[in-house]
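Heads up, the thing below is written out as C-alpha cells.
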Amino acid sequence: MLRAAPLMQAGRRDEATFWFYAGQLRWRSRLNASPTSDLTGEPALFSSLFETLGPPVNGWAFGDIPKLQRTIDNVLLWDVRYPDPSLDPAVHKRMRAGLTALRSQIGREADMIRVERASRGLENR
C-alpha cells in the first residue's frame, strides 16, 4: 500500500491503484489471520493508511470501472504468481474472495457509481 502514494504523486495512478489493492489484499489477510485486541498496532496503521491513501487512489480508480475491474483481476493474478507463504491459506482465500466480490459489485453498480461521481463533480473516464 505504501507504494501507492509516491506513484500517485508521480502521476502513475494506474500503478498506484494496483499496489494499493495488492497491498490491501495481503495486509487484510495478515490482520485477519491474527486478530488482536491491541488496536494501536498494525490494525491502526492499516486503518490510517487506508484512510489516507484510499480517497485519492479510489477517486482515480472509480473513474473508470472497467479498468478498475481489470486492475483487480491483475492483482489476483499477481497474488497467485507471487504467493506469500507467511499468510494463512484459509484466511487468504477468504480475503481473495472478498476482493473478487468487490470486483463484481462495482461492475453491477457501475451506472450508479458513475451517476454519483457526476453529481459530486468527479470525472468519469
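The values are calculated or read from the model by the stated rules, or taken from the named source; none is laboratory data. Note that the structure is a prediction, hence the values are computed from the model and not measured. Neighbour counts are summed over all protein chains in view; Cβ atoms, including those assigned to glycine, are modelled from backbone coordinates with ideal geometry.
List of remarks:
- Residues in the stretch 94-108 that are surrounded by 11 or more Cβ atoms within 10 Å (Cβ to Cβ), among the aliphatic types (A, V, I, L, M) and closer than 18 Å to SER29 by Cβ: 3 in all.
- Within the stretch 57-93, tally of residues that are surrounded by 15 or more Cβ atoms within 10 Å (Cβ to Cβ), of a type in the set (Val, Ile, Thr) and over 24 Å from ALA10 (Cα atoms): 1
- Residue match in the stretch 37-56 (condition: more than 19 Å from LEU2 (Cβ to Cβ) and surrounded by 11 or more Cβ atoms within 10 Å (Cβ to Cβ)): no
- Residue in the stretch 29-46 that is within 14 Å of the chain's Cα centre (by Cα), modelled with pLDDT under 95 and assigned to a helix (DSSP H, G or I) present: yes
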